[in-house]
Protein chains: 2
Amino acid sequence: MRLTRAGEYAVRCMVYLAHKGQGVLISKQEICERADIPSHFLAKIAQELAKAQLIIIRQGPKGGYYLLPQPEDVSLLQVVEVMIGEIFLNDCIDRPQSCTLSKSCSVHRVWDKARNQLRETLGAVSLAELAEKESCIPVFPASISSSSQE
Amino acid sequence: MRLTRAGEYAVRCMVYLAHKGQGVLISKQEICERADIPSHFLAKIAQELAKAQLIIIRQGPKGGYYLLPQPEDVSLLQVVEVMIGEIFLNDCIDRPQSCTLSKSCSVHRVWDKARNQLRETLGAVSLAELAEKESCIPVFPASISSSSQE
DNA sequence: GGTAAATAAGATAATTAATGTCTTATTTAT
DNA sequence: ATAAATAAGACATTAATTATCTTATTTACC
């Protein structure tokens, strides 16, 4: 019951972009190096983020990614669920038919509550808040090392 | 980010035993059939529950399992964590060294809060509560079908 | 337009975790 | 002593995750 690497990488990428500001194009390479994400892995992650309309991908030289919505308008929950799918915690919440009683099942109700709380907590915080405070993702506008990964 | 089958089975098994009452010996076969758990899989799960002092295993003819503590004294969280390990949600919570700033990282703080909430919710409900109310685990003292799984 | 830089897209491989099964050993009621 | 019941651990299968590789496409710049 843990966030996947892909989910973790997506969060890092999004926080990094949010820190740079909405619409600011950043090269994939810079993101990889700064947020410590394997280059090809980020490519796949970015595709999903783009499909979900969270970023825009620009190809070609001077290409890269930029944040599509305002950082205030994207929650941590959104980013996480784009990557790992909707959070359910327990199978019987996802597929009510897997459990005959669902609605009146005491165990079911606990998982339902836990799930709602979790989604609420992750949904209450925006990329803007995450980016404006100090975080593990190094964002200072320093020079990028020239050791490419690609 | 979902409870494993093993975790789900463990909960079913424990709720079933709790419904029967502390100290009441129930055959493994009965539990398997009623809670719909593959027999050999339950064997492994039971070993972990026993190691964690949640049940006692009796071998031999007329053997089976019974609840060691009072149902009031076992939380859903305990059962779940015996099976899947301590819940962390995010790697950086489990291993603070995986993230340089940990304490002051804004992302870290959200996961920490979410984790605490989740563990609190699961920790607040006991097997006694789960067993006394209606649940998906069929517990009525009916006859067991004679079609053995073993 | 041509070229090179940058990312896309999808296939594939490697790794790890989860699930389930099988075999042999041990315990215990009768 | 025997048979019933579970233990313990090895093994197999499946699925998910993570990562990489190859080929294709886009686009800035000459």
Using a 1.4 Å probe on heavy atoms of the protein chains only, the accessible area for B:Tyr66 in Å², nearest 10, reads 50
For segment B:5-132, what does the relative contact order come out to in percent, with C-alpha contacts under 8 Å and a separation of six or more? 31
How much length would be gained if the chain were fully extended between B:Lys51 and B:Leu25, taking 0.36 nm per residue of separation minus their Cα-Cα distance, in nm to one decimal? 7.6 nm
Charged-residue dipole, Cβ positions (Lys, Arg, Asp, Glu), the protein assembly as shown about Cα centre, Debye nearest 20: 320
So, with +1 on the Cβ of K and R and -1 on the Cβ of D and E, and no other charges, what is the size of the charge dipole of segment B:5-132 about its Cα centre, to the nearest 20 debye? 280
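Compute the Rg to Rh ratio over segment A:1-103 from the alpha carbon atoms, using the Kirkwood formula for Rh, and round to two decimal places. Write out the running numbers ahead of the final one.
Values: Rg = 15.9 Å, Rh = 14.6 Å.
Computed over Cα atoms, the ratio is 1.09.
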How many Å² of accessible area per residue for the protein assembly as shown, probe 1.4 Å? 49
Given B:Pro71, B:Cys99, B:Tyr9, which one lies farthest toward the positive end of the charge dipole of segment B:5-132, if we put +1 on the Cβ of every Lys and Arg and -1 on the Cβ of every Asp and Glu? B:Cys99
Per-residue HN-Hα couplings for segment A:29-34 [Karplus 6.51, -1.76, 1.60; θ = phi - 60°; Hz; x = Gly/Pro]: 4, 4, 4, 4, 5, 6
For chain A, give the percent of accessible area contributed by carbon and sulfur heavy atoms, probe 1.4 Å, rounded to a whole number. 49
For A:Lys51, the lysines lying under 23 Å Cα to Cα, once residues fewer than eight places off in the same chain are dropped, come out as A:Lys20, A:Lys28, A:Lys62
How well do other chains shield peptide B:120-130, expressed as the mean number of their Cβ atoms within 10 Å of each residue Cβ? 3
For A:Cys136, the residues 5 or more places away or on another chain with a placed amide H closer than 5 Å to its own amide H are B:Ser106, B:Val107, B:His108
For segment B:47-120 and segment A:78-136, compute the distance between their C-alpha centroids and round to whole Å. 18
B:Arg2 versus B:Glu86: modelled label distance in nm, points set 7 Å from Cα along the beta carbon direction: 2.7
Provide a list, ordered by number, of residues in segment A:78-99 showing at least 50 Å² less accessible area with every protein chain present than when their chain is taken on its own, using a 1.4 Å probe. A:Leu89
Through the Karplus equation 6.51 cos²θ - 1.76 cosθ + 1.60, θ set to phi - 60°, convert the phi angles of segment B:76-92 into ³J(HN,Hα) values in whole Hz; use x for Gly and Pro. 4, 4, 4, 4, 4, 6, 4, 7, 10, x, 4, 7, 10, 6, 10, 3, 6
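Counting only protein heavy atoms and rolling a 1.4 Å probe, how much accessible area do B and A lose on contact, total for both sides, in Å² to 100?
Chain pair B/A: roughly 3400 Å² of buried accessible area.
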Between A:Asp36 and A:Lys62, what is the label-to-label distance in nm when each label sits 7 Å out along the Cα-to-Cβ direction? 3.3
What FRET efficiency comes out for A:Glu132 versus A:Arg109 if R0 is 25 angstrom and r is the Cβ-Cβ distance? Round to the nearest 0.05. 0.10
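The values are calculated or read from the model by the stated rules, or taken from the named source; none is laboratory data. The model shown is predicted, which means the values in this text are computed figures rather than measured ones. Here Cβ is always computed from backbone atoms with ideal geometry, including for glycine, and neighbour counts include all displayed protein chains. Protein only, heavy atoms only, side chains kept; ligands, DNA and RNA dropped before computing areas. Shrake-Rupley method; radii C 1.70, N 1.55, O 1.52, S 1.80 Å.
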